[in-house]
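Below is one structure; the comments refer to it alone.
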Amino acid sequence: MTELLTPSLLKQRLGGRNLYLIGMMGSGKSSTGPHLAKELAYGFVDSDQVIEQVVETSIPMIFEKDGEEGFRTVETQVLNAIGQRHSLVVATGGGLVTKPENWGVLHQGIVIWLDLAIEQLFVRLKADPADRPLLKKQNPRSVLEALFLERKKFYLEADLHLKVADEAPYEVAKQILKMLPSILSEPEAPYAPQTTAS
């Protein structure tokens, strides 16, 4: 049975571990993150925004100048810097999971996959004015599907998998708060009662 914890008890149980939101572009990581951070009295970081601040240019410009490989290199450097901090909710870029070295940082925290159906992703991305370099192709829907298939095996490495639909970001954050206790151990492990699987 999943235990219900108040945000303050959840924060205590987390012990400062970062929460990393992963998933496809348009899945709601950047909009859900601030609500989740507020509930837990955590800080919020959007890794794409940090990249733009560090490089002092936009992500589309980084792709144009250095290609995807150049962007991924900076992304890993930024993730390593974020991983030095604690008590953060981090919205990650959709492709960050594809570099194995990034998982060394991700697994120090708790990884939460926001999984939105491709149909809904495509509708959101078409309505979103944000510049998406990887979708600047003749058939963006096919590109989106191919990207998802390529990344799904990485997303499945997440600690929590949350299927999302049309919920408001604060509702998604509430769902994450409800799911978190299922993967958090008691803070005083030596005193926790031993249970056997039935």
- In the range 151-177, the residues that are more than 23 Å from Q12 (Cα to Cα) and in contact (Cβ under 8 Å) with a residue 12 or more places away in the chain: R151, F154, Y155, L156, E157, K163, V164, A165, D166, P169
- Query: Using beta carbons and a limit of 7 Å, which pairs, at least six apart or on different chains, have the first residue in the range 38-52 and over 24 Å from L14 (Cα atoms) and without any contact (Cβ under 8 Å) to a residue 24 or more places away in the chain and the second one polar (S, T, N, Q) and open to solvent by 20 Å² or more (accessible area, probe 1.4 Å)?
  - Reply: E52/S58
- Task: Would you confirm whether any residue within the range 15-34 is farther than 19 Å from A158 by Cβ and either in contact with a Lys or Arg (Cβ under 7 Å, 6 or more places away or on another chain) or assigned to a helix (DSSP H, G or I) (or both)?
- Result: yes
- Of the conditions (1) touching a strand residue (DSSP E or B) at 6+ places or on another chain (Cβ under 7 Å); (2) open to solvent by 20 Å² or more (accessible area, probe 1.4 Å), W103 clears all except one; give me its number. (1)
- Six or more apart or on different chains, Cβ under 8 Å: which pairs go from a residue in the range 178-192 that's of a type in the set (K, R) to one that's part of a loop (DSSP other than H, G, I, E, B) and modelled with pLDDT of 50 or more? Could you list them? K178/T2; K178/L4
- Y155 meets each of (1) modelled with pLDDT of 85 or more; (2) open to solvent by less than 50 Å² (accessible area, probe 1.4 Å); (3) over 29 Å from K38 (Cβ atoms) with one exception, condition (3)
- Checked R124, R72 against criteria (over 15 Å from the mean Cα position of the chain (by Cα), over 26 Å from K178 (Cβ atoms) and part of a helix (DSSP H, G or I)); the one match is R72
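The values are calculated or read from the model by the stated rules, or taken from the named source; none is laboratory data. All values reported here derive from a predicted model rather than from experimental measurement. Neighbour counts are summed over all protein chains in view; Cβ atoms, including those assigned to glycine, are modelled from backbone coordinates with ideal geometry. What goes into the accessible areas is simple: the full protein's heavy atoms, side chains included, and nothing from ligands, DNA or RNA. Shrake-Rupley method; radii C 1.70, N 1.55, O 1.52, S 1.80 Å.
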